[in-house]
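Undergrad: Once you've had a glance at the structure underneath, I'll fire off some questions.
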Amino acid sequence: MNDILRIACPHCHTLNRAPAQKLVPGVRGKCGSCGEALFEGKPVALDAGHFAQHADKSDLPLLVDFWAEWCGPCRQMAPQFEAAAGRLEPKVRLAKVDTDAEPSLAQRFGIQGIPTMVLIHRGREVGRKSGAMPASAIEQWVASVVR
């Protein structure tokens, strides 16, 4: 199994190539451009300018939490989403998109209520869940969609 995956850096958003067999828990990897860790076990804050690097061009599934600062359930779920990131990486990248700061992304995905999580793989939506969830439920849902 010599699959080479494209992985967007969470810091500089440059695409990196990495062997799939090296994507195991605890391996952080390094970006060939900026030298920062490719995996830190926490969600990446994305804006419209960098979204495509992670959603369309990266080979990793991307779980996006659409949220807003004023949303109580969003704030309640934030630590759960971060905990899930620590356990789902490096097989899945988790990201957060602030719907107030990035209304074009919210519109593109038809976000009508928050928090809403959208699972994207190679540019295609493969799953969606709305409402606050504990980390274990997030992980189970992702595992049921990404095989």
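The values are calculated or read from the model by the stated rules, or taken from the named source; none is laboratory data. Owing to the predicted nature of the structure, the values given are computational and were not obtained by experimental measurement. Every residue, glycine as well, gets a Cβ built from its backbone with ideal geometry; the counts of neighbours run over all protein chains shown.
Undergrad: Being aliphatic (A, V, I, L, M), outside any strand (DSSP E or B) and closer than 30 Å to Asp3 by Cα is the requirement here; does Ile138 meet it?
TA: Yes; evaluated as a whole, the condition is true for this residue.
Undergrad: Pairs needed: first member in the range 4-16, closer than 12 Å to Lys30 by Cα; second member anywhere, surrounded by fewer than 17 Cβ atoms within 10 Å (Cβ to Cβ) and among the β-branched types (Val, Ile, Thr); C-beta distance under 8 Å; at least 6 residues apart or different chains.
TA: Taking only residues 6 or more apart or on different chains, the pairs are Ala8/Thr14.
Undergrad: With (1) surrounded by 19 or more Cβ atoms within 10 Å (Cβ to Cβ); (2) part of a helix (DSSP H, G or I); (3) of a type in the set (Gly, Ala, Ser) as the list, and Ala18 as the residue in question, which single condition is left unmet?
TA: All conditions are met except number (2).
Undergrad: How many residues are out of contact with any strand residue (DSSP E or B) (no Cβ under 6 Å at 6 or more places or on another chain), crowded, with 17+ Cβ neighbours inside 10 Å and closer than 19 Å to Val27 by Cβ if we restrict to the range 41-67?
TA: Going through the range 41-67 one residue at a time, the tally reaches 1.
Undergrad: Based on what the data block shows, is Val126 modelled with pLDDT of 95 or more and touching a Lys or Arg at 6+ places or on another chain (Cβ under 9 Å)?
TA: no
Undergrad: Quick one: count up the residues across the range 68-124 that are in a helix (DSSP H, G or I), in contact with a helix residue (DSSP H, G or I) (Cβ under 6 Å, 6 or more places away or on another chain) and farther than 30 Å from Val24 by Cβ.
TA: Qualifying residue count for the region: 2.
Undergrad: Next question. Counting only residues that are more than 20 Å from Asp56 (Cβ to Cβ), assigned to a loop (DSSP other than H, G, I, E, B), hydrophobic (A, V, I, L, M, F, W, C) and within 16 Å of the chain's Cα centre (by Cα), how many does the range 21-38 have?
TA: 0
Undergrad: Say whether the condition of being modelled with pLDDT under 95 and either over 14 Å from Cys9 (Cα atoms) or among the charged types (D, E, K, R) (or both) is met by at least one residue in the range 78-86.
TA: Checked the range 78-86: at least one residue is modelled with pLDDT under 95 and either over 14 Å from Cys9 (Cα atoms) or among the charged types (D, E, K, R) (or both).
Undergrad: What number of residues within the range 106-137 are crowded, with 17+ Cβ neighbours inside 10 Å and among the small types (Gly, Ala, Ser)?
TA: Summing the residues that are crowded, with 17+ Cβ neighbours inside 10 Å and among the small types (Gly, Ala, Ser) in the range 106-137 gives 3.
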